[in-house]
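Q: Pasting a structure here, questions to come.
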Amino acid sequence: VGPKKEVAECKEKFASSVDPTVSQTFMLDRVFNPEGKSLPPMRGFKYSSWSPLGCDANGRCLLAALTMDNRLTIHTNLNRLQWVQLVDLTEFYGERLYEASYKLSKADTPRGELGDFSEFQRRHSMQTPVRMEWSGICTTQQVKHNNECRDVGSVLLAVLFENGNIAVWQFQLPFLGKESITSCNTIESGINSPSVLSWWEYEHNNRKMSGLIVGSAFGPVKILPVNLKAVKGYFTLRQPIVLWQEMDQLPVHSIKCIPLYHPYQKCSCSLVVAARGAYVFWCLLLISKAGLNVHNSHVTGLHSLPIVSMTADKQNGTVYTCSSDGKVRQLIPIFTDVALKFEHQLIRLSEVFGSVRTHGIAVSPCGAYLAVITTEGMMNGLHPVNKNYQVQFVTLKTFEEAAAQLLESSVQNLFRQVDLTDLVRWKILKDKHIPQFLQEALDKKIESCGSTYFWRFKLFLLRILYQSMQKAPSEVMWRPSHEDAKILISDSPGMGGAEDDQEEGTSKQASKQSLCDPGKGMDIYDTVDDSLPQSSDIGGREPMEEKLLEIQAQIEAVEMHLTREHMKRVLGEVYLHTWITENTSIPTRGVCDFLMSDDGYDDRTARVLIGHILKKMNKQTFPEHCSLCKEILPFTDRKQAVCSNGHIWLRCFLTYQSCQSLVYRRCLLHDSIARHPTPEDPEWIKRLLQGPCTFCDSPVF
């Protein structure tokens, strides 16, 4: 808010002011006085917001976090289980305001000095974040040096401040840090005491519109236009739209925007729902020939206590609300000729988890699970002495619904539907077989369209079936073992007692419950581990051994099919991006020979492609060489390369090059390994290296 020395002098002046309205306001406001002296320290987070998938360097989500001391930062998961702060937006925005003399535009009149308490308050409120929300990924056009245009992905982050202003940050993707910040624009909302923010994104006749929905602690809700001139195919509103204008002192707690299709009007529409006290305010926005139609109302009689959390399943429009007494309401929108109505039913968590207090809910991306944060409720009329916070998972779909959704999915990515695959996994582990209807439906899909997505789904089912046939491990695999003593370099007596002081750490387990059967959700993750155990534990049961060998053969056959399909894709890239007799770092001849080595593999597309490539290579082989002994690395195995001197190098599953370096990447489920891109790699190889795992769709770290 100003030079450090001047700020320190002003704080001392306000703290010792004889005017109690100044001194008490200053001392009690933790924004001005974060140290607080006798007050508890400001540790923890006020709010967090996840970006859409595909925003970081690994194609995953960014995390915007707002701390209790009002610092807004963006974090990313660069390496497995390693989170890194990329940028501090509070510091960056403060520098911008300082350079502009704390004026939002050049036309603003100069304000008072920092020594004036009202100016001191203004400078703080204009950069104290209340909420922040990410938009969907949008596309901008960038002109290259040769005057070609290429589409570049970008994402917007809207930050709502205490004074009602909204800063809209535009980031180029993938977001790498301060250098990826494209622009920052500030919008004045005109709302007093803002409490919540959400993006309004609406698609009509292939034209995307966007805006920002802002709610107030006093009750009003309105949509603000956001001017996105540089964003391809995006439009905004001409003027703000007031959705609710009554100052009824019902604070807006949460806002969700759900895109839906109107069956009667035969067009897309947008449903906005907001939690206001114990009620749900809804507003249906529909663009017709007459213009923008707005229908709004309230749903009452849901809760006897204020709503503490609200979430929505954007695939079917179902809304979930909860109050602190352990009651969750499910609201299902039903369209009428004019607008819509809600059917709602009560979910009593006490019937599943016992007496609990709820603090928050969230629905998984595909609507398979509802996550609930709970603590112990009252027992015999008494509150618990200690609070133990737990995350409970409630299943919202049956196995059959999850399987049908996976088979008809338009996403065709197992990683993006991991909540649905988890339900399928749970069922197979429990029953120890793949249901007949699922196997038949999957075989039909493979025969009719042949998409690799269905082959990956089949591989997933076979692996879980193989895992279910294994004998359960005698101890939990993730728990660290302290039985093996460390080998000490020195026999010094002072170094021997460290092992005895180690204590086994405790861990909290998230319990998985089902609404239909509360007792069936606890046994899967306690008894069966995620990794595939070795088959040596299966003793003496020949039919089981034969069954396991049969499943293993099916797994290898599906993996080989997926490998060949990806090899065809790699060879297609090689053919499109190379000249005659050009040496690429990809072992093209080896991949071609590997594809044609199996007499039973008769793919006309592969044969034609290989014929064109061999003609372009003009009898050149361009083999890989071992970096240790310079011997030729033959391409005899898709997973590793072994030279004549016995040096073994793992192969990259994305380009089939040998990874002859000390560092490489692995997919999230440890299916495969991939090399890092190098500066000398052409763009098409770098693009291949950005792909997900060919077996499980997981990102690569």
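The values are calculated or read from the model by the stated rules, or taken from the named source; none is laboratory data. Worth saying up front: this structure is predicted, and the values here are computed from it rather than measured. Virtual Cβ from ideal backbone geometry, glycine too; neighbours counted across all protein chains shown. The area values use the complete protein model at the heavy-atom level, side chains included, leaving out ligands, DNA and RNA. Shrake-Rupley method; radii C 1.70, N 1.55, O 1.52, S 1.80 Å.
Q: Can you pull a Stokes-Einstein diffusion coefficient for region 1-188 at 4 °C (1.567 mPa s), Rh from Kirkwood over Cα pairs, as a whole number of µm²/s?
A: In µm²/s, the coefficient rounds to 70.
Q: For region 242-370, report the convex hull volume of the alpha-carbon atoms normalised per residue, in Å³, without decimals.
A: Working: hull volume 13.8 nm³, N = 129.
Per-residue hull volume (Cα only) is 107 Å³.
Q: Measuring from label point to label point, each 7 Å out along Cα→Cβ, what is the residue 346 to residue 116 span in nm?
A: It is 5.6 nm.
Q: Along the charge dipole of the chain, pointing to its positive end and built from +1/-1 on Cβ of Lys, Arg, Asp and Glu, which listed residue (403, 610, 585) has its Cα farthest out?
A: It is 610, whose Cα lies furthest towards the positive end.
Q: Could you tell me the ratio Rg/Rh of region 151-228? Both radii from Cα atoms, Rh via Kirkwood.
A: 1.02
Q: How far apart, in nanometres, would the label points at residue 359 and residue 147 be if each is projected 7 angstrom from Cα along the Cα-to-Cβ direction?
A: Inter-label distance under the simple model: 6.1 nm.
Q: log10 I(q)/I(0), Debye, Cα-only region 322-462, no solvent, q = 0.13 Å⁻¹?
A: Values, matching the q order: -0.74.
Q: Using a 1.4 angstrom probe, figure out how much accessible area the chain has per residue, in square angstrom, rounded to the nearest whole.
A: 54
Q: Right, next: How big is region 20-122 along each principal axis, measuring the range of its Cα positions in Å and listing the largest first?
A: That gives 52, 42, 17 Å along the principal axes, largest extent first.
Q: Rounded to whole Å and ordered largest first, report the semi-axes of the equivalent ellipsoid of region 552-690 derived from its Cα gyration tensor (root of 5λ).
A: With the √(5λ) rule applied to region 552-690, the semi-axes are 21, 20, 16 Å.
Q: In addition: Which of 46/458; 341/427; 445/616; 266/427; 144/616; 103/222 have a Cα-Cα distance over 32 Å?
A: Violating the 32 Å limit, Cα to Cα: 46/458; 341/427; 445/616; 266/427.
Q: In whole percent, and with a 1.4 Å probe on the protein chains, what portion of the accessible area of the chain is carbon and sulfur?
A: Numbers: 19280 of 37730 Å².
So the carbon and sulfur contribution to the accessible surface is 51 percent.
Q: Sticking with this structure for a sec: Taking a spot 7 Å from the Cα of residue 607 along the direction of its beta carbon, which residues of region 558-595 have an amide N less than 17 Å from it?
A: Counting backbone N atoms under 17 Å from the label point, the list is 568, 592-595.
Q: Please compute the length gained on full extension between residue 38 and residue 184, using 0.36 nm multiplied by the number of residues separating them and subtracting their Cα-Cα distance. List each step's numbers first, then the result.
A: Details: separation 146, 0.36 × 146 = 52.56 nm, distance 3.79 nm.
Taking 0.36 nm per residue and subtracting the Cα distance, the gain is 48.8 nm.
Q: Same structure again: What FRET efficiency comes out for the pair residue 686/residue 383, r = Cβ-Cβ distance, R0 = 51 Å, nearest 0.05?
A: It comes out at approximately 0.30.
Q: On to the next question. Computed FRET efficiency, Cβ-Cβ of residue 599 and residue 88, R0 60 Å: what is it to the nearest 0.05?
A: The pair residue 599/residue 88 has a calculated efficiency of 0.45.
Q: With labels modelled as points extended 7 Å from the Cα through the Cβ direction, what inter-label distance (nm, one decimal) is found for residue 289 paired with residue 332?
A: So the label points at residue 289 and residue 332 sit 3.5 nm apart.
Q: Moving on. To the nearest 10 square angstrom, what accessible area does residue 73 show with a 1.4 Å probe?
A: Approximately 10 Å² of residue 73 is accessible to the 1.4 Å probe.
Q: If you fit an axis through the alpha-carbon atoms of helix 542-577 and take the longest principal axis of the Cα set of the chain, what angle between them do you get, 0 to 90°, nearest 10?
A: The helix 542-577 is inclined about 80 degrees to the chain.
Q: Mind listing the Cα extents of the chain along all three principal axes, in Å, largest one first?
A: Projected onto its principal axes, the Cα set of the chain covers 89, 80, 71 Å.
Q: Could you point to the residue in 317, 390, 112 farthest towards the positive end of the chain's charge dipole, with +1 and -1 charges on the Cβ of Lys/Arg and Asp/Glu respectively?
A: After comparing all options, I get 112.
Q: Could you sort 169, 579, 455 by their accessible area in this structure, using a 1.4 Å probe and putting the largest first?
A: Greatest to least solvent exposure: 579, 455, 169.
Q: To the nearest 20 debye, what charge dipole does region 217-342 have about its Cα centre, counting +1 at the Cβ of each Lys and Arg and -1 at the Cβ of each Asp and Glu? List each step's numbers first, then the result.
A: Working: 12 positive and 5 negative charges, 98 e Å.
Result for region 217-342 is approximately 480 debye, rounded to the nearest 20.
Q: Now, a different point. Tell me, in nm to one decimal, what length is gained between residue 104 and residue 375 on full extension, where the rule is 0.36 nm per residue of separation less the Cα-Cα distance?
A: Separation in residues times 0.36 nm, less the Cα-Cα distance, equals 93.1 nm.
Q: OK, next. State the answer as a single residue: which of 206, 196, 157 lies farthest towards the positive end of the charge dipole of the chain, with beta carbon charges of +1 for Lys and Arg and -1 for Asp and Glu, about the Cα centre.
A: It is 206, whose Cα lies furthest towards the positive end.
Q: Continuing with this model, one more query. With every protein chain left in place and a probe of 1.4 Å, what is the accessible surface of residue 318, to the nearest 10 Å²?
A: 10
Q: Shifting gears a bit: Using only C-alpha positions, report the orientation-averaged shadow area of the convex hull of region 400-469, nm², one decimal.
A: The directionally averaged projection comes out at 4.2 nm².
Q: Using only Cα atoms, tell me the angle between helix 418-431 and the longest principal axis of the chain; keep it within 0 to 90° and round to the nearest 10.
A: Tilt relative to the chain: about 60 degrees.
Q: So what are the ³J(HN,Hα) numbers for region 317-322, from phi and the Karplus equation (6.51, -1.76, 1.60; θ = phi - 60°), rounded to whole Hz, Gly and Pro as x?
A: Calculated HN-Hα couplings, in order: x, 5, 10, 10, 10, 9 Hz.
Q: With +1 on each Lys and Arg Cβ and -1 on each Asp and Glu Cβ, how big is the dipole of region 552-690 about its Cα centre, in debye rounded to the nearest 20?
A: Roughly 260 debye for region 552-690.
Q: Right, something else. Quote the charge dipole size of region 1-188 about the Cα centre in Debye, to the nearest 20; the model charges only the Cβ of Lys and Arg (+1) and of Asp and Glu (-1).
A: That gives region 1-188 a dipole magnitude of about 400 debye.
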